[in-house]
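Following: one structure in structure tokens, then a few remarks.
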Amino acid sequence: MSAKPEMTASEIASAVAGRKMSALAATEAALARIEQHDGILNSFTDVTAERARAKARAIDADIAAGKKVGPLAGVPFAVKNLFDVAGLPTRAGSKINRDLAPAKRDATLIERMEAAGAVLVGALNMGEYAYDFTGENIHDGPSRNPHDTTRMSGGSSGGSGSAVGGALVPIALGSDTNGSIRVPSSFCGIFGLKPTYGRLSRARSFPFVASLDHLGPFARSVADLALAYDAMQGPDADDGACTTRGLEPVTPRLDESISGLRVAIAGGHFQKNVFPEAVEAVSRVAQALGATQVVDVPEASRARAAAYVITTTEGASLHLDRLRKRPGDFDPAVRDRLIAGAMVPASLVDRAQKFRRWYRAQLAEIFRSVDVLLAPATPCTAPKLGQVNFNLDGVELPVRANIGIHTQPISFIGLPVVAVPVPLEPLPIGVQIICAPWREDIALRVAHALEKVGVVAAPAPRGF
């Protein structure tokens, strides 16, 4: 049996464990797809072929010896290149980091994926230092949308979205500070999970904004998303934010009824600055769930502004030494925003942090009467590569600044979200399924229910 591009991670793992396909065959198939298609998609910056083959052979040897293998046995996966990969410099999308010594140890989440039997096949393209929503990297070139290669993959986890949307790998890992999992999921037509802040370890990954950074998976099905999430859960002493106990595995509960869940549509800010396709996507999901209630999220626009303040100031603090010594080696758009962040008054940062506490309390109150909020993941389908502005109701808005308009108010307070793809024509677009802290299980159950009735689905790549 050979591994076909449309096979899910669940199907691959089942075939490998059942000796219908070898882990090496699954790995070779993924490497062959990367070789064939990545010249167009530009998803990968590093392919770890020999490491992958060695891991796959070890899995096959364990199976031959009658040993038990993990739930992701033989499943190829790849990671955004801000994850430490032993033997590679952790470039984080930058030119500067390429001068770093190779990492000596994998990131915690890579270790956990491989402990579950997954096979790392490479590192993925991304926006420089994760400060990006477009997927366009001036050092490595843009990762491209698998449904139309003239369009953005989204950022900053653009290579992750492109690789999974293009069926090069069934699972990829990325990061989300202000929307960098949910935006590529939306543009590339795949599922993405931004977990609760502190749920998954960030140990041995290159940071952007420590108080906002999340790591999480991408997949082409909810079951695969849940498998990866389950494999990575658990506290980690190497990440001070990741100290909570993980939930019980969610995969066996995906088919649990969602009847009785209180689902509402996020109003106010989340119904502004949206193109018709975003309105249509939310409408389809809401109708399928029987959701008619609209809940206004107070001061969501202000939350977005406060997220910008915290992002740019924390990011600037992290990069001050690099800005002083090697300003010419930055993407100018990233450099200029970081320099601006270094000049933000401390009093404004303090106000943003105080507002953050108030805003968190407001959302906690909403989730006392609602289990799920629905909102657009992006205001539109994927823009053209290099597009500077889009026109909305006669107003020209900058693309880069507004792609994350609906994701930033959510990650600002660390809420869990599953981004689900609505397969509109000619391009897919995502909807956010937002839940209270630590309730990833509810978001995954709702996403699975929508997938079963065909309202959400990852369309086959067709742009290359």
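The values are calculated or read from the model by the stated rules, or taken from the named source; none is laboratory data. These figures come from a predicted structure and were not determined experimentally. Quick reminder, even Gly has a Cβ in these numbers, built from the backbone with ideal geometry, and neighbours come from all protein chains shown.
Quick notes on this structure:
- Scope region 282-301; condition within 29 Å of LEU338 (Cα to Cα) and under 22 Å from the mean Cα position of the chain (by Cα); matching residues: ALA300
- GLY260 being free of Cβ contacts under 8 Å to residues at least 24 places away in the same chain, of a type outside the set (A, V, I, L, M), closer than 25 Å to SER205 by Cβ and surrounded by fewer than 20 Cβ atoms within 10 Å (Cβ to Cβ): no
- Check on GLU277, acidic (Asp, Glu), under 25 Å from VAL420 (Cα atoms) and surrounded by 14 or more Cβ atoms within 10 Å (Cβ to Cβ): yes
- Contacts under 7 angstrom Cβ, first residue in region 178-192 being farther than 12 Å from SER162 by Cα, partner of a type in the set (Asp, Glu), 6 or more apart: ARG182/ASP176
- Unmet requirement for LEU24, which otherwise passes all of (1) assigned to a helix (DSSP H, G or I); (2) in contact with a Gly (Cβ under 9 Å, 6 or more places away or on another chain); (3) closer than 17 Å to ALA172 by Cβ: (3)
- Residue count, region 121-145 (criterion: touching a Gly at 6+ places or on another chain (Cβ under 6 Å) and β-branched (Val, Ile, Thr)): 1
- SER369 satisfies every condition listed in (1) touching a residue at least 40 places away in the same chain (Cβ under 8 Å); (2) touching a helix residue (DSSP H, G or I) at 6+ places or on another chain (Cβ under 8 Å) except (2).
- Residue in region 48-64 that is in contact with a Lys or Arg (Cβ under 8 Å, 6 or more places away or on another chain) and either surrounded by 24 or more Cβ atoms within 10 Å (Cβ to Cβ) or among the aliphatic types (A, V, I, L, M) (or both) present: yes
- Which listed residue, of LEU323, LEU338, LEU318, is touching a His at 6+ places or on another chain (Cβ under 7 Å), modelled with pLDDT of 95 or more and either under 17 Å from ALA352 (Cβ atoms) or not aromatic (Phe, Trp, Tyr) (or both): LEU338
- Filtered residue count, region 302-350, keeping only those that are of a type in the set (Ser, Thr, Tyr) and either within 22 Å of the chain's Cα centre (by Cα) or closer than 28 Å to LYS272 by Cα (or both): 4
- Strands (runs of 3 or more DSSP E) contained entirely in region 72-185, each with at least 3 residues that are crowded, with 24+ Cβ neighbours inside 10 Å and touching a strand residue (DSSP E or B) at 6+ places or on another chain (Cβ under 9 Å): 76-80, 119-124, 171-176
- First in region 219-231 and at positive phi and charged (D, E, K, R), second anywhere and crowded, with 24+ Cβ neighbours inside 10 Å and assigned to a helix (DSSP H, G or I), Cβ under 8 Å, 6 or more apart: none
- Among the residues of region 200-223, those identified as among the charged types (D, E, K, R) and under 14 Å from the mean Cα position of the chain (by Cα) are ARG202, ASP213, ARG220.
- Those strands (runs of 3 or more DSSP E) lying entirely in region 384-464 with at least 2 residues free of Cβ contacts under 8 Å to residues at least 40 places away in the same chain, on the phi > 0 side of the Ramachandran plot and surrounded by fewer than 19 Cβ atoms within 10 Å (Cβ to Cβ): none
- All positions within region 33-69 that are assigned to a helix (DSSP H, G or I), touching a residue at least 60 places away in the same chain (Cβ under 8 Å), among the charged types (D, E, K, R) and under 18 Å from ASP140 (Cβ atoms): ASP38
- For region 187-220, filtered to residues that are among the aliphatic types (A, V, I, L, M) and more than 24 Å from ARG360 (Cβ to Cβ), the residue that is surrounded by the fewest Cβ atoms within 10 Å (Cβ to Cβ) is ALA203.
- For region 208-309, the strands (runs of 3 or more DSSP E) that sit wholly inside it and include 1 or more residues that are among the β-branched types (Val, Ile, Thr) and modelled with pLDDT of 95 or more are 263-267, 294-296.
- Of the residues in region 392-408, at least one is of a type outside the set (D, E, K, R) and within 22 Å of VAL222 (Cβ to Cβ).
- Candidates LEU88, LEU109: the one that is farther than 19 Å from PRO170 by Cα and in contact (Cβ under 8 Å) with a residue 40 or more places away in the chain is LEU88.
- Number of the exception - ASP329 against (1) of a type outside the set (Ser, Thr, Tyr); (2) without any contact (Cβ under 8 Å) to a residue 40 or more places away in the chain; (3) over 25 Å from PRO195 (Cα atoms): (2)
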